[in-house]
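First the structure, in the form of structure tokens, and then the observations on it.
Taken together, the values in this text are just the output of simple stated rules run on the coordinates, not laboratory data. Just so it is clear, the model here is predicted, and its values are computed rather than measured. Here Cβ is always computed from backbone atoms with ideal geometry, including for glycine, and neighbour counts include all displayed protein chains.
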Amino acid sequence: MESGAVTGERLLVRGQVQGVGFRPTVWRVARELELTGDVRNTSSGVEIRLWGEAVSRFESELRAALPALARIDAIERVAIDAVRPESFVIGASEGDGMRGAVTPDAAICSACLEEVRDPFERRYRYPFTNCTECGPRFSIIETGPYDRARTTMRGFAMCPECGEQYSDPTDRRFHAQPIACHVCGPRAWIERLGPGTVNHEAFSMMDDVDAAGGMLMNGHIVAIKGLGGFHLACDATRAEVVADLRMRKRRRGKAFALMARDLDVICRYAEFSEQEAELLASPEAPIVLLRASGEPLPEAVAPGLDRIGFMLPHTPLHHLLLRRMKRPVVMTSGNLSGRPQCTTNEQARAELEGIAEFALMHDRHIANRIDDSVARVDLGRVRLLRRARGYAPRAIDLPTGFPRDISILAMGAELKNSFCLVRDGEAVLSQHMGDLEDAATEDDVRRNLDLYTQLYDHQPAAIAVDAHPEYLSTKHGREIADGRPVIAVQHHHAHIAACLAENGRSLDAAPVLGIALDGLGLGDDGTIWGGEFLICDYRGYRRAGMLKPVALPGGTAAIREPWRNAYAHLMAQMGWAEFAMNFADLPLFARLSAMPRSTIDAMIASGTNSPLSSSCGRLFDAAAAICGLAWDRQEYEGQAAMLLEAAIDPAALNEPDDLAYPFSIPLLGGRGLPYVEPLAVWRAMLGDLLLNTPVGVMSARFHRGLARSVVAMAQRLTADDGPDTVALSGGCFQNATLFRLVHEGLEQLGLNVLSHSRVPANDGGLALGQAAVAMAHLHE
Amino acid sequence: LAHGGGGKAMRDLIEDVFTSVFEPDGLEDQARLSHEMLAVEGARLAFTTDSFVVQPLEFPGGDIGKIAVCGTVNDLTVGGAQPLWLSAAFIIEEGTEVALLRRVAAAMRRAADQAGVRIVTGDTKVVERGAADTLFVTTSGVGVIPAGRELAAEKVRAGDVALVNGVLGDHGAAILAARGDMVFEADIRSDCRPLNHLMEAVIEAAPGVRCARDATRGGLASALNEISQASAIGIEIDEARLPMRAEVKGVCELLGLDPLYLANEGALVLFVPEEQAEAALAAMRSTEAGRDAAIIGRAAEMRSPRVVMHSLFGGSRIVDMLVGEQLPRIC
Ligand SMILES: [Fe+3]
Ligand SMILES: [Mg+2]
Ligand SMILES: [Zn+2]
Ligand SMILES: [Zn+2]
């Protein structure tokens, strides 16, 4: 022991502990406990050295005082002997800081919001106010590690006052990288898109953000540069303006998200629970799907749907914009339909000119496009439907049994693409990026892959891809593999594995019954799957049951046009003669008669571009078309199924059980696998049509019948020594009614049910499952 | 027609059905060719072969014989060669109608005349029932690439303009309609035709032509992807500019097929330097096979070289090379 040395303690903290106000908190707790020592960032987390009597109390006090955005994964404590320092100081970072220390963007905190609203604060009405507990993070990072010089704030030199706050450990803004104020930070301004100028004189009493708010109130469509991209905004209560926005944006059916000033505004148009209110006001601030109630909104906001997506303002700019607005505004992505949202001012000027009259611009560049997240609360848990702003790129711990020393890159699906990096036993799922066929989206994927690879210093040992050889993500994975193994993972196995992984199911746990109710994914038998019952663990699966395989006449055309599925299902069940004999009085008969039936028949008979598919999504399309809710063309993916769910008459969900449409479960010839057979369903449904049964009742009977059959199948497959746990995944489980009915039915059987929460049930979560399966393979 | 070992009946068949049509003055088993063009310093010989197995054998706008001649002529053409001589080999299933063979041979002669080439040698085999599907035809072709002419996909540069000579997808759609099992009426004829005269006209008007590809199997999409990969450059095309018949679009909608991947037998895509694009277009349009010619896009620098189509509705879609057949990718 060197002379004067005193025994102290060293704590190594791992987790989300950098760039989130962690060191000032440590500093404060240490001072309160009269401890001396130091704290600094290292490449693996934060190192704290402590001396003093109260050392033993430090950890619990720190955990209790943790800043909002921080998360501790592990603390390792060892005794040390050294000369005790006189005070507690925040030391310089070691090296480049921690790899992967990027945190998600967070909504403005209450302290910052108060400042923005306080005329005596120097950041009064400053639209870019932030602190270590809130503000932009991921959206402004250009390269790692997270540091102002490597963000899009690098062009803004701090003024002396901001500089002082930045270096004061007692300040909320100590090392807040995007710190800024009126004097030194980014500015917002309004401009006219297209010819003409804005008459600033007219707004002399206000600033530009307020002026933009005034334009919204006056019925204009305004492009707003937000955190992760541009939005298009307008007054959501003016039907003609909303319809105009739809026409200009060329977005016909898909619902618009709304933003409202506060919960009081929202509660006039929608109902929400305490949990939903909390979610709306959380730092993640997602769009939350709420049941519409109270004052009606124009039909054009969410055509045919019973839920409205609301979010609260998440930046000071949005708070200021809506300050005087007592009505909700549409806040939809700023793009032409089908394209990713604009992120640069130049793009917005070029692409949004024909849509919005004005744009609220600012000069803090958006480095990384990130959409608004979409969530819902079902069965008491938050369910992410789209995982982006506020959530990505937060890491997800892999369950026990997974090796910590294998790095994997999983490429995700073709639609709703998101990739996944695994390293150090954690999975980093990228933000939702979109459909790869769109060239701009695919460019984004490539750019993001470069960024994540750099941020996390990621060198994957293998690449996991979907088993579908034509997915652009699969091709991309093979292209970059460069000699490393490429592991192809069956689509629905990946869905179930994603559900297991997010629920912490350990690598060596017993197999579960995975129920994947989904759109389409390539099966291992050359047909297309999408309603699957798999006995599986991470390592492998056995197909134990399915929905009835039915032809998809026209392949992708059958996905666009619901009537094709209605026709294929009806013909697979009863044929035209029986249909004509019994149901010729139905308008449905006339509509189907008018279609090119002989060609469709021939395609199905010869198998020309008509693969067999056990898809649950297409079953929904068929039901929606038969009910008359969708026919020619779906305007967006899943529209038919969403309309069918939204049509449900809640009272009809309480009808006697025997009114639910009767699916049966015979064995498939040849292979002998049980399948869910909708034969009697269509007869009952067509019968209901003859009786003029309301669509809301038919839809309820369909949902209940399908859920009952899924539960019955599960009962059969878990009987005797079968699995005691069921995992639910696939896009169809984003249907809240189906999800709830299946979940409840399975629990009544005494089964342990796993479902998605932090990771979407649809293809947005697929990469996590691909990564988990690939890890399991490599670990063998 | 009976399957035989090579006796007199067989010789009569060959003489009667094929050689008398291709070379009435007599055909030897071996073509002996002397040609002054080959003696030119720098000129190169081009040689290609292809087998044809189309079903049905006869369809609106052509038959297997016409395809066999045009396919090989066009293969030589897009490499910059002037096609001169062909060979033709036939594998015939026992029981095939002689009348069909006569029609096929006549179509081959017409196509050869149209292209200005001669069928100078060949072979015929009759095989047992079931050993072949009625008729397979193989043609080989020889042509000469004039001195100084160098067409290669690697030569495409950013800014070069892409042109096609005519409407797309007619052949693929005509074959689908002619198969009869799809039960739809469509007035669509195969575009099957030789393209060598068109190509010569273009090269004369636009001597800077970088490369050409015939958009046969895999359609325009595959041809463009091959060029993009070979030249490591991106290609942008405009959906609005693609010449395509409404009937073909209709058939594709109905069957759920993407017309960009439909086969053509008389369509080529070529790249020329921007300043020669209008001249190339005018030259194409002056020929029979180029009446519907159009500028469809251009080569462009891209972060990752690939083919992108600007769609009618404002998006930009990736048009990639298919690994297998068209299968739905959507979840
Ligand atoms: Fe899926
Ligand atoms: Mg060839
Ligand atoms: Zn704050
Ligand atoms: Zn400042």
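Residues of the stretch A:154-189 that are away from ligand 4 (no atom under 11 Å from the Cβ), surrounded by 19 or more Cβ atoms within 10 Å (Cβ to Cβ) and under 20 Å from A:Ile141 (Cβ atoms): A:Phe174, A:His175, A:Ala176, A:Gln177, A:Pro178.
Please verify whether A:Tyr124 is in a loop (DSSP other than H, G, I, E, B), farther than 20 Å from A:Ile370 by Cβ, more than 16 Å from ligand 2 (Cβ to nearest atom) and not hydrophobic (A, V, I, L, M, F, W, C), treating the condition exactly as stated. Reasoning before the result, please.
On the way: in a loop (DSSP other than H, G, I, E, B): yes; farther than 20 Å from A:Ile370 by Cβ: yes; more than 16 Å from ligand 2 (Cβ to nearest atom): yes; not hydrophobic (A, V, I, L, M, F, W, C): yes.
Yes.
Of everything in the stretch A:738-768 that is assigned to a helix (DSSP H, G or I) and under 16 Å from A:Leu384 (Cα atoms), the residue that is farthest from the chain's Cα centre (by Cα) is A:Arg740.
Among the residues of the stretch A:22-43, those identified as of a type in the set (D, E, K, R) and part of a helix (DSSP H, G or I) are A:Arg23, A:Arg28, A:Arg31, A:Glu32. When restricted to residues that are of a type in the set (A, V, I, L, M), more than 14 Å from chain B (Cβ to nearest Cβ) and within 20 Å of the chain's Cα centre (by Cα), the stretch A:434-461 contains 0.
Somewhere in the stretch A:771-780, is a residue more than 16 Å from ligand 1 (Cβ to nearest atom), among the small types (Gly, Ala, Ser) and in a helix (DSSP H, G or I)? Please lay out each step first, then the result.
So the first thing to find is which residues in the stretch A:771-780 are more than 16 Å from ligand 1 (Cβ to nearest atom), and the list is A:774-780.
Going one step further and asking which of them are among the small types (Gly, Ala, Ser), we end up with A:774, A:776.
With in a helix (DSSP H, G or I) added as a condition, the list becomes A:774, A:776.
For the stretch A:771-780, residues more than 16 Å from ligand 1 (Cβ to nearest atom), among the small types (Gly, Ala, Ser) and in a helix (DSSP H, G or I): present.
Screening the stretch A:506-532 for residues that are within 27 Å of A:Arg597 (Cα to Cα) and surrounded by fewer than 24 Cβ atoms within 10 Å (Cβ to Cβ) and picking the one that is nearest to ligand 4 (Cβ to nearest atom) gives A:Ile528.
For the stretch B:252-266, indicate whether the set of residues that are in contact with a strand residue (DSSP E or B) (Cβ under 9 Å, 6 or more places away or on another chain), closer than 17 Å to B:Val161 by Cβ and either buried (at least 19 other Cβ atoms within 10 Å of the Cβ) or within 14 Å of another protein chain (Cβ to nearest Cβ) (or both) is non-empty. If you could, list the steps in order and put the result at the bottom.
Of the residues in the stretch B:252-266, the ones in contact with a strand residue (DSSP E or B) (Cβ under 9 Å, 6 or more places away or on another chain) are B:260, B:264-266.
So of that shortlist, the ones also closer than 17 Å to B:Val161 by Cβ come out as none.
No, because not a single residue in the stretch B:252-266 is in contact with a strand residue (DSSP E or B) (Cβ under 9 Å, 6 or more places away or on another chain), closer than 17 Å to B:Val161 by Cβ and either buried (at least 19 other Cβ atoms within 10 Å of the Cβ) or within 14 Å of another protein chain (Cβ to nearest Cβ) (or both).
Number of residues in the stretch A:593-606 that are more than 8 Å from chain B (Cβ to nearest Cβ), aliphatic (A, V, I, L, M) and loosely packed, with under 14 Cβ neighbours inside 10 Å equals 1.
From the list A:Asp81, A:Asp118, A:Asp105, the one residue that fits, being touching a residue at least 60 places away in the same chain (Cβ under 8 Å) and within 16 Å of ligand 3 (Cβ to nearest atom), is A:Asp105. Which condition number does A:Ala494 fail, the rest of (1) within 13 Å of A:Leu409 (Cβ to Cβ); (2) surrounded by 22 or more Cβ atoms within 10 Å (Cβ to Cβ); (3) within 13 Å of chain B (Cβ to nearest Cβ) being met? Failing condition for A:Ala494: (1).
Scanning the stretch A:533-592 for residues that are of a type in the set (Lys, Arg), within 14 Å of chain B (Cβ to nearest Cβ) and surrounded by fewer than 20 Cβ atoms within 10 Å (Cβ to Cβ) turns up just one, A:Arg560.
Taken as a whole, the stretch A:410-422 holds at least one residue that is closer than 16 Å to A:Val489 by Cβ, among the charged types (D, E, K, R), within 14 Å of chain B (Cβ to nearest Cβ) and in a loop (DSSP other than H, G, I, E, B). Of the set (1) out of contact with any helix residue (DSSP H, G or I) (no Cβ under 6 Å at 6 or more places or on another chain); (2) part of a loop (DSSP other than H, G, I, E, B), all apply to A:Pro403 but (1). Of all the residues in the stretch A:311-346, those that are more than 25 Å from the chain's Cα centre (by Cα) and within 14 Å of chain B (Cβ to nearest Cβ) number 0.
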